[in-house]
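Values quoted throughout were computed directly from the atomic coordinates according to the rules given, and no laboratory measurement underlies them. The shown structure was predicted, so the numbers you read here are calculated from the model rather than taken from an experiment. Here the Cβ positions follow ideal geometry from the backbone for every residue, glycine too, while neighbour counts run over all protein chains shown.
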Amino acid sequence: MAIYHLSVKAVSRSKGQSAVASAAYRSGDDLTDEREGKTHDYTRRRGVEASFIVAPSGCEWAHDRAALWNAAEATE
């Protein structure tokens, strides 16, 4: 039997945190933060079994992780 677990954590820009950096860490990916001009490379991180984005139809751009999280940073 599969057991589902969800953990939600807030990312606070006032504390120096970045949504792009957090997304890169959680997905074990390499993302560039357009606001800061920094690249966050967590491709060597172990323990990430799967990472995917669920988006409604018509939002194909949101399947690009870098575009999605840079858009989220820009709106905040």
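Out of everything in the stretch 26-76 that is among the aromatic types (F, W, Y) and either part of a helix (DSSP H, G or I) or surrounded by 13 or more Cβ atoms within 10 Å (Cβ to Cβ) (or both), what residue ends up being nearest to the chain's Cα centre (by Cα)?
The selected residue is W69.
Does any residue in the stretch 47-72 that is closer than 19 Å to G28 by Cα come within less than 7 Å, Cβ to Cβ, of a residue that is basic (K, R) and surrounded by 13 or more Cβ atoms within 10 Å (Cβ to Cβ) six or more places away or on a different chain, and which pairs are these?
From residues that are closer than 19 Å to G28 by Cα, the pairs are I53/R65.
Considering only residues that are in contact (Cβ under 8 Å) with a residue 12 or more places away in the chain and under 19 Å from A74 (Cβ atoms), which ones fall in the stretch 30-43?
Hits for the stretch 30-43 are L31, T32, D33, E34, R35, E36, K38, H40.
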